[in-house]
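Enquirer: Provided herewith is a single structure, encoded as structure tokens, for subsequent inquiry.
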Amino acid sequence: MSSKKKIYIAGCGGMLGEAFFGVFGQDYDLRCTDIDVNEGWLSYLDFRDLDAYKKDVELFQPDYLFHLGAYTDLEYCELHSDDTYATNTMAVENAVYIANSMDIPLLYISTAGIFDGAKDVYDDWDIPNPLGHYARSKYAGESFVVQNVTNHLVCRAGWMMGGGPKKDKKFIQKIMSQLRQGKNELFVVNDKLGTPTYTHDFANNVKLLLEKEYWGLYNMVCGGVTGRYEVAVELVNILGLEKSVKVVPVASDYWKEEYFADRPPSERLVDKKLDLRNVNIMRDWKVCLKEYLCKYYQNYFLFLSIAFFFQISCADNEQAVTEEKYTLNEDFSEEIASIKSMDEFKDKIGKQIENKKYQV
Ligand SMILES: NC(=O)c1ccc[n+]([C@@H]2O[C@H](COP(=O)([O-])OP(=O)(O)OC[C@H]3O[C@@H](n4cnc5c(N)ncnc54)[C@H](OP(=O)(O)O)[C@@H]3O)[C@@H](O)[C@H]2O)c1
């Protein structure tokens, strides 16, 4: 029998669940469930069903319960408020009953979106004032956990980056998909401020808190403060597309048909408590964005010329590119192999790709 501690993770099939499975899977025995069974390592559970949830957790006898899942589409939540509270709030109450009845710690994921944006930056002790049904449902879940579970971890994430093309339902994937469609103008809001949060850093920081048993409520976002526009510009730069793709700043009104749910002008967080406890291992958002793109999107532009700019940009990253990922003709491979920097690449090869001298 395994001597590892056990964690039950509910709602583990999404962006964050993918990172949790990776980060916790090595050191813990996991049972991962979701309503959307999209991986071999997931089993079906609808956490709104208290009896089924309780039975499944009791059967596994975990040392910890992680309640990860929620509806995260703000427009869906605005239009389906009953379903939203049943899923994002009352299911969290289910998790609280189960954790308390088994006397085990509970992890709940909250969001930077519970603030109204009247301030520029929020620390862990600022008072939330949620604007729409998503934010209200998440804050109600947060409060219930904090008030009713002694050994709780409530970690507030910002704009999540993770899961790659398969699972990322958020901003980064929306931008990447426009680029893959060949768009050379991106219309990005310049009046929404926030802090990206890389799922892997988030999972690692949760693990650190758990192992130190530093229970409580924590802001947990990447380092640095930014906004949607700056994130898009940085993404385009990482891909090496700054000359060919224009990021056009627009006000939120531009997107009001698609994104009609109320969003705060600022949902920037600082990880004050993590800093004060000296356990903040969240890296800068730019470092994380690059790592995220290089790790998950290397094959995304396969057979498009922009794949080459991206390849070189990622070459100094951990997931350095291997030539066999792309089919290059001989001359091209040799020239690329001799190039040491992105600037040199653009000087020597970029123009030729643009002029279609080289075929990909
Ligand atoms: N994404 C962000 O930017 C962000 C920011 C701050 C905080 N958070 C919080 O982080 C947590 C993880 O979110 P995420 O980004 O990983 O979202 P995600 O990718 O949508 O993953 C959430 C998962 O929960 C599942 N789920 C929904 N209802 C369920 C139910 N009744 N029973 C079991 N599973 C259910 C979802 O299935 P379906 O796909 O079928 O709905 C999905 O697989 C959530 O608590 C979210 O509120 C997210």
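Every number in this text was worked out from the coordinates using simple rules, so none of it is lab data. Please read these numbers as outputs of a predicted model, since none were measured by experiment. In this analysis, Cβ positions are derived from the backbone assuming ideal geometry, glycine residues included, and neighbour counts consider all displayed protein chains.
Enquirer: Just to confirm the number: angle between the C-alpha axis of helix 171-180 and the first principal axis of the chain, 0 to 90 degrees, nearest 10?
Expert: The answer is roughly 30 degrees.
Enquirer: Choose one answer from G158, G40, G223: the residue with the largest mean-square fluctuation in a GNM of the chain with alpha-carbon springs under 10 Å.
Expert: G40
Enquirer: GNM, the chain, Cα, under 10 Å: largest mean-square fluctuation among S101, S313, S177?
Expert: Comparing S101, S313, S177 in a Gaussian network model of the chain, the most mobile one is S101.
Enquirer: Collect residues whose amide H, placed 1.01 Å from N in the peptide plane, falls under 5 Å from the amide H of L107; neighbours closer than 5 in sequence don't count.
Expert: The answer is L65, F66, H67, L153.
Enquirer: In addition: Enumerate by residue number the chymotrypsin sites (Phe, Trp or Tyr not before Pro) in the stretch 1-88 meeting two conditions: DSSP loop (anything except H, G, I, E, B), and at most 14 other Cβ atoms within 10 Å of the site's Cβ. The partial results should precede the final answer.
Expert: On the way: sites: Y8, F20, F21, F24, Y28, W41, Y44, F47, Y53, F60, Y64, F66, Y71, Y76, Y85; in loops: Y28, W41, F47, Y71.
Loop-located and lightly packed - W41.
Enquirer: What trypsin sites (Lys or Arg not before Pro) does the stretch 1-68 have in DSSP loop regions with at most 13 other beta carbons within 10 Å? Working shown, then result.
Expert: Working: sites: K4, K5, K6, R31, R48, K54, K55; in loops: K4, K5, R48.
Of the trypsin sites (Lys or Arg not before Pro), the ones in loops of the stretch 1-68 whose Cβ has at most 13 other Cβ atoms within 10 Å are K4.
Enquirer: Any idea what diffusion coefficient the stretch 78-120 gets from Stokes-Einstein, in µm²/s, Kirkwood Rh on alpha carbon pairs, 10 °C, 1.306 mPa s? Intermediate results must be reported in sequence, preceding the final value.
Expert: Numbers: Rh = 12.5 Å.
D = 127 µm²/s.
Enquirer: Sorted from largest down, what three extents in whole angstroms do the Cα atoms of the stretch 208-307 have along their principal axes?
Expert: 48, 33, 19
Enquirer: Structure shown: which of K246/K273; K54/K169; K138/K192 lie over 27 Å apart, alpha-carbon to alpha-carbon? Display every interim value, and only then the final one.
Expert: On the way: K246/K273 38 Å; K54/K169 29 Å; K138/K192 20 Å.
The pairs that break the limit, which is 27 Å between Cα atoms, are K246/K273; K54/K169.
Enquirer: While we're here: If amide H atoms are built 1.01 Å from N in the plane of the peptide, which residues on other chains or at least 5 residues away come under 5 Å of the amide H of L186?
Expert: The answer is K246, V247, V248.
Enquirer: Could you pull out the longest piece of the chain with no exposed loop GluC sites (Glu not before Pro) in it, calling a site exposed if DSSP puts it outside H, G, I, E, B and it has at most 11 other Cβ atoms within 10 Å?
Expert: On the way: sites that count: E213, E257, E258, E318.
Counting only loop sites that pass the neighbour cut-off, the longest clear stretch is 1-212.
Enquirer: Net charge around G14, counting only other residues with Cβ within less than 15 Å of its Cβ (Lys, Arg = +1; Asp, Glu = -1)? Write down the numbers at each step before the final one.
Expert: Values: positive: K138, K166, K167, K169, K170; negative: E18, D34, D36, E39, D46, D73, D168.
Local charge sum for G14: -2.
Enquirer: Could you tell me what percent of the DSSP beta bridges with both partners in the chain are antiparallel, to the nearest 5?
Expert: Working: 2 of 39 bridges.
Among the beta bridges of the chain, antiparallel pairing accounts for roughly 5 percent.
Enquirer: What ratio of Cα Rg to 2.2 N^0.38 Å holds for the chain? If you can, show how the numbers build up before the last one.
Expert: Working: Rg = 21.7 Å, N = 360, 2.2 N^0.38 = 20.6 Å.
Rg over 2.2 N^0.38 Å, computed on Cα atoms: 1.05.
Enquirer: Let me ask something else. Restricting to DSSP H runs of at least four residues, report the calculated mean residue ellipticity at 222 nm for the chain, -39500 (n - 2.57) per run over all residues, nearest 500 deg cm²/dmol. Spell out each step's value before the answer.
Expert: On the way: 16 runs with 142 residues, N = 360.
Mean residue ellipticity at 222 nm (helix-derived): -11000 deg cm²/dmol.
Enquirer: Could you pull out every residue, at least 5 positions away or on a different chain, whose amide H is within less than 5 Å of the one on G223? Hs are placed 1.01 Å off N in the peptide plane, and Pro or chain starts have none.
Expert: R283, D284, W285
Enquirer: Report the one residue of V231, A261, Y296 whose Cα lies farthest in the direction of the positive end of the charge dipole of the stretch 209-320 (charges on C-beta: Lys and Arg +1, Asp and Glu -1; origin at the Cα centre).
Expert: Farthest along the dipole direction, towards plus: V231.
Enquirer: What is the sum of charges, Lys and Arg at +1 and Asp and Glu at -1, for the other residues whose Cβ falls under 15 Å from the Cβ of E185? Before the final figure, lay out the partial values.
Expert: Numbers: positive: K174, R180, K183, K243, K246; negative: E242.
Taking every Cβ under 15 Å from that of E185, the sum is +4.
Enquirer: Taking the chain as a Gaussian network, Cα atoms linked when under 10 Å apart, which of L79, L208, L235 shows the biggest mean-square fluctuation?
Expert: L79
Enquirer: Which loop-located chymotrypsin sites (Phe, Trp or Tyr not before Pro) does the stretch 89-131 contain, where loop means any DSSP state but H, G, I, E or B and the Cβ has at most 14 other Cβ atoms within 10 Å? Mind showing how you got there, number by number?
Expert: On the way: sites: Y97, Y108, F115, Y122, W125; in loops: F115, W125.
Taking the stretch 89-131 and a limit of 14 other Cβ atoms within 10 Å, the loop chymotrypsin sites (Phe, Trp or Tyr not before Pro) found are W125.
Enquirer: At what distance in angstrom do the alpha carbon centres of the stretch 194-212 and the stretch 1-60 lie from each other?
Expert: Here the answer is 18 Å between Cα centres.
Enquirer: Using only the alpha-carbon atoms, how far is helix 228-238 inclined from the longest principal axis of the chain? Give it as 0 to 90 degrees, nearest 10.
Expert: Tilt relative to the chain: about 50 degrees.
Enquirer: Which links in K5/K55; K6/K207; K5/K295 stretch past 21 Å when you go from one Cα to the other?
Expert: Numbers: K5/K55 19 Å; K6/K207 13 Å; K5/K295 29 Å.
Beyond 21 Å between Cα atoms: K5/K295.
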